[in-house]
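Notes to accompany the following structure.
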Amino acid sequence: MKKTVFLTGASGTMGFEGFKELYIRRNMYDIVLLLRDSKKNRNLFAPYMNDSSVKIVWGDLTVYEDVLECVNGADYILHVGGLVSPAADYFPKKTLFTNVTAMENIIKAVKSQPDPDAVKVVYIGTVAQTGDRNAPVHWGRTGDPIQISVYDHYAISKTKAEALLADSGLKYWVSLRQTGILYADILKNMDPIMYHVPINGMLEWATVEDSGRLCAKVCNDRLPEDFWRRFYNISSGHDYRLTNYEFEVLLLNAIGMKGADIPKKIFNPNWFINRNFHGQWYTDADDLENYLHFRANIPVKEYFKSLAKKAPFYFKMSGLAPMSLVKKFMMEPIANAPLYGTQTWIKNGMKDRITAFYGSKEEYAKIPTSWDDFEVIIPDKEHPENVLDHGYDESKPFEKLTLADLKKAAEFRGGECLAKKAPKDMYTPIKWKCACGHEFEMSPNLALKGGHWCPECLPMPWKYDEIAKVNPFFAQVWYAHHSKDENNVYTEDIYYGYDEK
């Protein structure tokens, strides 16, 4: 018997690839899509409008009635959709409203079904939830601290939505945290955000094809019970661990700018930030692959060659131009773009931005202007180091943790477990108190396996200096890139606005 899959975000990068994978399997699935009514979306999905295996609802994730219509009768919900960067950077209030309200509507609609336990909800989270993880804390896993980079309103929205789902009381849910996606149109992303990454930062990437295949593979009744109610990191595997410098080399080579040192010919090292982005390599990315077997296992260099074949002709022509002209007339103007160009921040003395992304103007001045003086670092990709402590005995089966274990974990987070007795399970919220004195309810699963903590201490504002002083769990990541000087007050502590222009 065919299953019904409700897919959100089908017009997006990952969502459309997921739709195509489901459509290939339309003998197994009826597909329900909730799409914004736009000319672009109508053109994109015109070939499927009269297909009996595809139902299109023209509506909005923030409208409950639209969501309910799609959830009614669904066996699986693949919640891929939402407002994402770079648009999310320009419209933070809209991003928070859209992404959080969408999750609220999905949960409410599932609970309205005759048998909510018959519905499985798959949520796509983001690596941005764990924020800045440059060396020496560049190896990560689920359960590491939620540490949203300053100004990253998208990650705030995804974190809030993930928490809603995890503690919703639904029996079948899972959160899959997406990393950077490799896809053909990434070659066209000429936005100032390209400099909002540290050149020595790193990501463990996923291809769009693997991501789409994942969407289809997770709609599987044969998945064991222990797959559900967990958090996973998505990646295309070991070979896709790249520093941002390595990524630039592969990307630029793909559009015809050849050579292992090509970034040095078209960028200045001080156009890039040195902190406050996101990305890490994973010690646990194979966990998801072991369940779903979604990876094609194409070597990363071969994959970039395939991207090169899809690159627009005019991009390939850039490889024929003198690199000095590419630098001056293509790359430098992006660094000087209004509002989000890194050099615009420096020239205009935008203290909040400079402090968040560099530490101070003095720290920015230390970044070499010449590649001859800049050290490009490629860490060991085989042997994880500085894996974070989660503050409890992880050798125990998670369901066997005692009240004493939970109290120890809370103490490592600078707080207290206020439960009077052991919880009935790890998925039911219990009472906690953070170091700032806020009392809140959260499941041990969300706190220990998801890395969440006090919702009142979530940004905004970003008060990370204050939190790190009293939360050893969080301090592991914060002090890797920030001073412990008691007198050094960071903008993160005083920034309250949305910065919406």
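Residues that are of a type in the set (S, T, N, Q) and farther than 25 Å from ALA184 by Cα were ranked within segment 17-51; the one that is least open to solvent (accessible area, probe 1.4 Å) is ASN27. Counting only helices (runs of 4 or more DSSP H) that fall entirely inside segment 1-119 and contain at least 2 residues that are out of contact with any strand residue (DSSP E or B) (no Cβ under 7 Å at 6 or more places or on another chain) and of a type in the set (Asp, Glu), the qualifying elements are 13-24. The residue that is surrounded by the fewest Cβ atoms within 10 Å (Cβ to Cβ), among those in segment 68-94 that are touching a Gly at 6+ places or on another chain (Cβ under 8 Å) and of a type in the set (Val, Ile, Thr), is VAL84. Would you say TYR282 is in contact (Cβ under 8 Å) with a residue 24 or more places away in the chain and within 29 Å of THR207 (Cβ to Cβ)? Taking the combined requirement at face value, the residue satisfies it. Right, TYR172: free of Cβ contacts under 8 Å to residues at least 60 places away in the same chain and open to solvent by 10 Å² or more (accessible area, probe 1.4 Å) or not? Against the criterion (free of Cβ contacts under 8 Å to residues at least 60 places away in the same chain and open to solvent by 10 Å² or more (accessible area, probe 1.4 Å)), TYR172 qualifies.
The residues of segment 278-307 that are of a type in the set (Val, Ile, Thr) and in contact with a Pro (Cβ under 9 Å, 6 or more places away or on another chain) amount to a single one, THR283. When restricted to residues that are of a type outside the set (S, T, N, Q), under 23 Å from ARG230 (Cα atoms) and either open to solvent by 60 Å² or more (accessible area, probe 1.4 Å) or part of a loop (DSSP other than H, G, I, E, B) (or both), segment 419-445 contains 10. Checking segment 177-185 against the condition returns no match, with no residue being open to solvent by 10 Å² or more (accessible area, probe 1.4 Å), of a type in the set (Phe, Trp, Tyr) and within 29 Å of VAL110 (Cα to Cα). The residues in segment 254-279 that are under 22 Å from GLU302 (Cβ atoms), surrounded by fewer than 19 Cβ atoms within 10 Å (Cβ to Cβ) and of a type outside the set (A, V, I, L, M) can be counted, and the count is 4. Report the residue count in segment 125-160 for those that are open to solvent by less than 10 Å² (accessible area, probe 1.4 Å), in contact with a Gly (Cβ under 8 Å, 6 or more places away or on another chain) and of a type in the set (A, V, I, L, M, F, W, C). Residues in segment 125-160 being open to solvent by less than 10 Å² (accessible area, probe 1.4 Å), in contact with a Gly (Cβ under 8 Å, 6 or more places away or on another chain) and of a type in the set (A, V, I, L, M, F, W, C): 3 in total.
Taken over segment 379-418, the residue count meeting the criterion of being open to solvent by 30 Å² or more (accessible area, probe 1.4 Å), of a type in the set (A, V, I, L, M, F, W, C) and either at pLDDT below 95 or not in a loop (DSSP other than H, G, I, E, B) (or both) is 3.
The set of residues in segment 79-96 that are in contact with a Phe, Trp or Tyr (Cβ under 7 Å, 6 or more places away or on another chain), farther than 23 Å from VAL197 by Cβ and not basic (Lys, Arg) contains only HIS79. Among residues of segment 1-27 that are closer than 19 Å to TYR183 by Cα and free of Cβ contacts under 8 Å to residues at least 60 places away in the same chain, those with a Cβ under 8 angstrom from a residue that is open to solvent by 10 Å² or more (accessible area, probe 1.4 Å) and part of a loop (DSSP other than H, G, I, E, B), sequence gap 6+ or separate chain, pair up as SER11/ARG36. Hey, any hits in segment 361-380 for a residue that's under 25 Å from ALA337 (Cβ atoms), of a type in the set (D, E, K, R) and in contact with a helix residue (DSSP H, G or I) (Cβ under 6 Å, 6 or more places away or on another chain)? Within segment 361-380, one or more residues are under 25 Å from ALA337 (Cβ atoms), of a type in the set (D, E, K, R) and in contact with a helix residue (DSSP H, G or I) (Cβ under 6 Å, 6 or more places away or on another chain). Could you tell me whether any residue of segment 450-463 is within 27 Å of LEU176 (Cβ to Cβ), open to solvent by 50 Å² or more (accessible area, probe 1.4 Å), touching a residue at least 40 places away in the same chain (Cβ under 8 Å) and out of contact with any Leu (no Cβ under 9 Å at 6 or more places or on another chain)? Yes, there is a match, as at least one residue in segment 450-463 is within 27 Å of LEU176 (Cβ to Cβ), open to solvent by 50 Å² or more (accessible area, probe 1.4 Å), touching a residue at least 40 places away in the same chain (Cβ under 8 Å) and out of contact with any Leu (no Cβ under 9 Å at 6 or more places or on another chain).
Residues in segment 197-222 that are open to solvent by less than 20 Å² (accessible area, probe 1.4 Å) and more than 26 Å from PRO384 (Cβ to Cβ): VAL208, GLY212, CYS215, ALA216, VAL218, CYS219. Only a single criterion out of (1) modelled with pLDDT of 95 or more; (2) among the hydrophobic types (A, V, I, L, M, F, W, C); (3) surrounded by fewer than 15 Cβ atoms within 10 Å (Cβ to Cβ); (4) under 29 Å from PRO459 (Cβ atoms) is not satisfied by MET14, namely (3). Scanning segment 340-370 for residues that are open to solvent by 40 Å² or more (accessible area, probe 1.4 Å) and not small (Gly, Ala, Ser) yields a count of 10.
Among the residues of segment 223-240, those that are open to solvent by 30 Å² or more (accessible area, probe 1.4 Å) and either touching an Asp or Glu at 6+ places or on another chain (Cβ under 8 Å) or within 23 Å of ALA260 (Cα to Cα) (or both) comprise HIS238, ASP239.
The values are calculated or read from the model by the stated rules, or taken from the named source; none is laboratory data. Keep in mind the model is a prediction, meaning the values are calculated, not measured. Every residue, glycine among them, receives a Cβ derived from its backbone with ideal geometry; neighbour counts consider all protein chains shown. Side chains are part of the model used for accessible areas, which takes the heavy atoms of the whole protein and leaves out ligands, DNA and RNA. Shrake-Rupley method; radii C 1.70, N 1.55, O 1.52, S 1.80 Å.
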